[in-house]
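To keep things clear, I will list the structure first and then write my remarks on it.
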Amino acid sequence: MGVVTFNYESTSPVAPARLFKAFSLEADKVWPKAAPQAVKSVEVEANPGPGSIVKINFAEGLPFQYMKHQIGGHDDKNLSYSYNLIEGGPLGDKLEKISYDNKFEAAAGGGSLCKSTMKFYTVGDYVITEDEIKAQIKGSEGVYKAVEAYLLANPDACN
């Protein structure tokens, strides 16, 4: 097994606290509304706290039916959260899991800067390429941008 770490940053015109809520605390409510073409439903086991499992069911016609996240933790004060992708989605037989650490910060001039660290845990001798990682990020960006647009169109959401 190998581990490949990749850092990624993106900006948004949405305030950091609202993005944090939309992606960590209220994902089960926001994602299906914001991205119905991609997310059919989000099921949270009990409260969305450390160790809880979150199952994301995708819309028909997408490459994956679902994926499961195990929540690592949330830090409301620092607007950060972590989770592991442990089942489904892009894992297949080449990846054991993908760990994500995300933090939302205020951007200069307003809006947010999202800083993400992803760790890809590979199976056996498999080596994940940068192109595969970028493809994974591109797939996630569709939901990210849809949530961003939803928050901009609904100023009372995730306040």
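Read the figures in this text as sums done on the coordinates, not as results from a lab. Predicted, not measured: the structure shown is a model, and the values here were computed from it. When we count neighbours, we look across all protein chains shown, and the Cβ atoms used for this are built from the backbone with ideal geometry, even at glycine.
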| task | Largest first and in whole Å, give the semi-axes of the chain's equivalent ellipsoid, each being the square root of 5 times a Cα gyration tensor eigenvalue. | result | 24, 18, 15
| Using 7 Å Cα-to-Cβ label points, what is the V44/E9 separation (nm, one decimal)? | 3.0
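List the equivalent ellipsoid semi-axes of the stretch 13-63 in whole Å, largest first, each obtained as the square root of 5λ for an eigenvalue λ of the Cα gyration tensor.
19, 17, 7
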| query | At q = 0.14, 0.15, 0.19, 0.22 Å⁻¹, what log₁₀ I(q)/I(0) does a Debye calculation on the Cα points of the stretch 49-140 give, no solvent, two decimals? | reply | -0.60, -0.68, -1.01, -1.21
| What FRET efficiency, computed as 1/(1 + (r/R0)^6) with R0 = 22 Å and r the Cβ-Cβ distance, is obtained for T117 and K55, rounded to the nearest 0.05? | 0.40
| note | Mean Cβ-within-10 Å packing, highest first, puts peptides 59-67, 139-147 in the order 139-147, 59-67
